[in-house]
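A short write-up of the structure that comes next.
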Amino acid sequence: MRELKYTIENIMNFIEKNEIIEDDLPEHILRFGDKSIPNIRINPEHDEKEEDEIKPLNETIETIERDIIIRALLKSRGNKSKAAGLLKIPRQTLNNKIIKYNIQENYQAE
């Protein structure tokens, strides 16, 4: 997950547009799951609710991390060992993050 945070921070430093698109991501990140990775907007345009709201970077990274963990759990059909393998983290680290993000058995964060 540190690698994801580092990658996002690097992309944000080097791109000149307002969103991160699939082409901005390195190949090893794209290989994680299916190829339908949504664009990540850095500065949403004309969205009244989000226009003035800038969340702290660590909160944004945690949201992304939680979503990726849920995707790995779904892809592994709930098998935590396989999900940890997909994420390339120890199973205990995955368990700690499941607790941290309050990810339930249906793999939706509360």
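The values are calculated or read from the model by the stated rules, or taken from the named source; none is laboratory data. Note that the coordinates shown come from a computational prediction; the quantities given were computed from them, not determined experimentally. FYI the Cβ positions are ideal-geometry reconstructions off the backbone, even for glycines, and counts take in every protein chain you see.
Which condition number does ARG41 fail, the rest of (1) touching a strand residue (DSSP E or B) at 6+ places or on another chain (Cβ under 9 Å); (2) of a type in the set (Lys, Arg); (3) at pLDDT 75 or above being met?
(3)
Quick check on this structure: which one of ILE20, ILE68 is at pLDDT 70 or above, hydrophobic (A, V, I, L, M, F, W, C) and under 19 Å from GLU105 (Cα atoms)?
ILE68
If you check every pair at least six apart or on different chains, which have Cβ atoms under 7 Å apart with a residue in region 1-28 that is assigned to a loop (DSSP other than H, G, I, E, B) first and a residue that is modelled with pLDDT of 70 or more second?
Note: pairs meeting the criteria are MET1/GLU65; ILE15/ASP24; PRO26/THR7.
Could you identify the single residue in ILE103, ILE89, ILE99, ILE69 that is touching a residue at least 60 places away in the same chain (Cβ under 8 Å), of a type in the set (A, V, I, L, M, F, W, C) and out of contact with any Ser or Thr (no Cβ under 7 Å at 6 or more places or on another chain)?
After applying the criteria, what remains is ILE89.
Which one of these does HIS46 not meet: (1) surrounded by fewer than 11 Cβ atoms within 10 Å (Cβ to Cβ); (2) at pLDDT 90 or above?
All conditions are met except number (2).
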